[in-house]
Amino acid sequence: MFSIREAIIRGWQVFRHHTGFMLGVHVIAILVQVVPSLLFGDSPGLRALSVFVGLLGSFVVALGLVRIGLSLVDGTGADYADLYSHAHLVFKYLVGTLGHVFLALSGACVIGLAVLAYSNVTHTPVPVAEDLNLLITLGVLALVPGAYFYAQFSQWPFIIVEREVGPFQALAQSSSLTRGSRGRLIILYVASLAIYFIWFERWLRIAGFGLGGFLPAFVGALVIFANLTVVHAYVYRRLDSTRAGASE
């Protein structure tokens with residue numbers, strides 16, 4: 001079990017002590033995704049190559065940010081080299097990402113399958129675009145199992161980095177690790193998305209969509225991103241220590 005309030009406080013404390021470093025590694029993480037598209041040309045082949053290189057690069061630095069978050073939470077320190085320290089796990093991360101997305105979407109598809117089954121049994125037409133309110137209701141309902149499965153398997157990147165197990169083993173261990181805490185995880189992830197959205201929406205509404213508005217909004221989002229890296233690492237540590245304590 002973990003406290004969302006404690007996780008947020010811990011994230012802010014770590015960020016305050018490592019502000020320059022945290023902003024630096026997250027700027028690099030963003031550049032790794034953006035630069036390949038600027039270096040390659042506009043032909044379809046080169047564009048596809050730039051997307052592939054950017055995707056692999058983003059996976060490498062995502063693994064690095066997991067390692068950095070855990071190290072800072074543990075108080076062992078971190079440096080820029082940690083961004084690339086787990087590059088050898090990149091294909092495990094790729095498979096884990098696909099597996100996690102598939103599981104989350106399969107949860108969301110439960111509602112759709114239920115609607116189709118009900119339609120076949122009762123011979124009721126499946127809602128079409130004109131039934132807007134019903135479609136919105138079904139869409140919201142579909143998010144519930146999707147969010148649940150997303151939270152259930154959400155700790156797999158930390159498990160891959162720490163234990164270097166296979167992606168499917170990491171997903172299975174995440175399912176065990178998050179038992180009893182999935183509701184809190186959903187609240188944390190929804191709150192994280194809401195913070196991003198509110199920050200961008202309010203700042204851009206005040207300052208406009210020009211450089212003077214976008215740049216401060218980007219810096220603020222970078223600060224939020226850096227904080228959440230630590231927050232999620234802290235949550236994993238709490239979940240892992242709780243399970244370790246229960247097994248003793």
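The values are calculated or read from the model by the stated rules, or taken from the named source; none is laboratory data. Quick caveat: nothing in here was measured; it's all calculated off a predicted structure. Glycine also receives a Cβ, built like all others from the backbone with ideal geometry; neighbour counts cover every protein chain displayed.
Does any residue in segment 6-18 that is aromatic (Phe, Trp, Tyr) come within less than 7 Å, Cβ to Cβ, of a residue that is surrounded by 13 or more Cβ atoms within 10 Å (Cβ to Cβ) six or more places away or on a different chain, and which pairs are these?
12/227; 15/22; 15/226; 15/227; 15/230
Inspect all residues belonging to segment 154-171 and state whether any of them is of a type in the set (Val, Ile, Thr), at pLDDT below 70, in a helix (DSSP H, G or I) and at negative phi. Full working, then the answer.
At the first step, the residues of segment 154-171 found to be of a type in the set (Val, Ile, Thr) are 159-161, 165.
Among the residues that remain, those that are also at pLDDT below 70 are: none.
Within segment 154-171, not a single residue is of a type in the set (Val, Ile, Thr), at pLDDT below 70, in a helix (DSSP H, G or I) and at negative phi.
Given the criteria part of a helix (DSSP H, G or I), over 21 Å from residue 158 (Cα atoms) and in contact (Cβ under 8 Å) with a residue 12 or more places away in the chain, does residue 45 qualify?
No; evaluated as a whole, the condition is false for this residue.
Mind listing whichever residues of segment 204-248 are at pLDDT 80 or above, farther than 26 Å from residue 177 by Cα and of a type in the set (A, V, I, L, M)? Even if it seems obvious, please write down each step before you answer.
Let us first name the residues in segment 204-248 that are at pLDDT 80 or above, namely 219-241.
Checking which are farther than 26 Å from residue 177 by Cα leaves us with 219-223.
Those that are at pLDDT 80 or above, farther than 26 Å from residue 177 by Cα and of a type in the set (A, V, I, L, M): 219, 221, 222, 223.
Quick one: which residue in 85, 50, 58, 71 is touching a Pro at 6+ places or on another chain (Cβ under 9 Å), among the polar types (S, T, N, Q), modelled with pLDDT of 75 or more and surrounded by 15 or more Cβ atoms within 10 Å (Cβ to Cβ)? Can you show your working first?
Values: 85 fails: touching a Pro at 6+ places or on another chain (Cβ under 9 Å); 58 fails: touching a Pro at 6+ places or on another chain (Cβ under 9 Å); 71 fails: touching a Pro at 6+ places or on another chain (Cβ under 9 Å).
Step by step, each of 85, 50, 58, 71 is checked, and only 50 is touching a Pro at 6+ places or on another chain (Cβ under 9 Å), among the polar types (S, T, N, Q), modelled with pLDDT of 75 or more and surrounded by 15 or more Cβ atoms within 10 Å (Cβ to Cβ).
Given (1) loosely packed, with under 15 Cβ neighbours inside 10 Å; (2) among the hydrophobic types (A, V, I, L, M, F, W, C); (3) outside any helix (DSSP H, G or I), identify the lone condition not met by residue 78.
(1)
Could you please find all residues in segment 161-195 being closer than 25 Å to residue 83 by Cβ, of a type outside the set (D, E, K, R) and loosely packed, with under 15 Cβ neighbours inside 10 Å?
Correct list: 166, 193.
So how many residues does segment 229-243 have that are surrounded by fewer than 21 Cβ atoms within 10 Å (Cβ to Cβ) and either in contact (Cβ under 8 Å) with a residue 24 or more places away in the chain or hydrophobic (A, V, I, L, M, F, W, C) (or both)? Break it down stepwise before answering.
From segment 229-243, those surrounded by fewer than 21 Cβ atoms within 10 Å (Cβ to Cβ) are 237-238, 240-243; that's our starting set.
In the following step, the residues that additionally are either in contact (Cβ under 8 Å) with a residue 24 or more places away in the chain or hydrophobic (A, V, I, L, M, F, W, C) (or both) were identified as 237-238, 240, 242-243.
Residues in segment 229-243 being surrounded by fewer than 21 Cβ atoms within 10 Å (Cβ to Cβ) and either in contact (Cβ under 8 Å) with a residue 24 or more places away in the chain or hydrophobic (A, V, I, L, M, F, W, C) (or both): 5 in total.
Could you tell me which of the residues 102, 91, 2, 59 is under 30 Å from residue 169 (Cα atoms), out of contact with any Ser or Thr (no Cβ under 6 Å at 6 or more places or on another chain) and outside any helix (DSSP H, G or I)?
Working: 102 fails: outside any helix (DSSP H, G or I); 91 fails: outside any helix (DSSP H, G or I); 59 fails: outside any helix (DSSP H, G or I).
Within the list 102, 91, 2, 59, the selection yields 2.
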